[in-house]
Amino acid sequence: QGNLEESGGGLVETGGSLNLSCVASGSRVTAWSMDWYRQAPGKQRELVGSINTRGAHTDPTYADSVQGRFNITVGNDQNTILPQIKDLKPEDTAVHFCHIDGSRELATFELWGQGTLVIVSA
């Protein structure tokens, strides 16, 4: 398996924006699809957006709650995604996680990152 690391979280005012990132690394690790989740205090983890980093059907999909405010692009290495959230709202406050479906040589795996905290002040 490889390693998955999110970054870019922080404290931001309502209406602001954040540029986040998720990098899958490790020897011979290939990311095939990457997902962005968030978990607000006291709530279940919620899928926010997904994208295939390779192959066909690479258009991202988003949850209704972030439609129009959330955009995911794939980095040049195809093992990185770059989520951007704009027009942030207090309800976006959560720990944001990255999830990967990947492979290393002939073995497939899925992996979660440790999360990055986003706090939106009212």
### Query
What is the residue count in region 28-58 for residues that are in contact with a Phe, Trp or Tyr (Cβ under 9 Å, 6 or more places away or on another chain), open to solvent by 40 Å² or more (accessible area, probe 1.4 Å) and within 14 Å of THR116 (Cα to Cα)?
3
### Residue among LEU11, LEU18 that alone is closer than 24 Å to ALA122 by Cα, open to solvent by 60 Å² or more (accessible area, probe 1.4 Å) and touching a strand residue (DSSP E or B) at 6+ places or on another chain (Cβ under 7 Å)
LEU11
### Summary
Of (1) more than 16 Å from GLY8 (Cα to Cα); (2) within 10 Å of the chain's Cα centre (by Cα), GLY42 fails just (2)
## Note on the structure
Scanning region 32-45 for residues that are in contact with a Lys or Arg (Cβ under 8 Å, 6 or more places away or on another chain) and without any contact (Cβ under 8 Å) to a residue 40 or more places away in the chain gives none
### Task
Sort out which residues of region 59-92 are open to solvent by less than 50 Å² (accessible area, probe 1.4 Å) and among the small types (Gly, Ala, Ser), and write them in order of number.
ALA63, GLY75
### Task
Starting from residues that are part of a loop (DSSP other than H, G, I, E, B) and within 22 Å of ALA94 (Cα to Cα), keep the ones in region 105-122 and report whichever is most open to solvent (accessible area, probe 1.4 Å).
GLN114
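The values are calculated or read from the model by the stated rules, or taken from the named source; none is laboratory data. Quick caveat: nothing in here was measured; it's all calculated off a predicted structure. Here Cβ is always computed from backbone atoms with ideal geometry, including for glycine, and neighbour counts include all displayed protein chains. Each accessible area value is taken on the protein alone, full model and side chains, heavy atoms only, with ligands, DNA and RNA left out. Shrake-Rupley method; radii C 1.70, N 1.55, O 1.52, S 1.80 Å.
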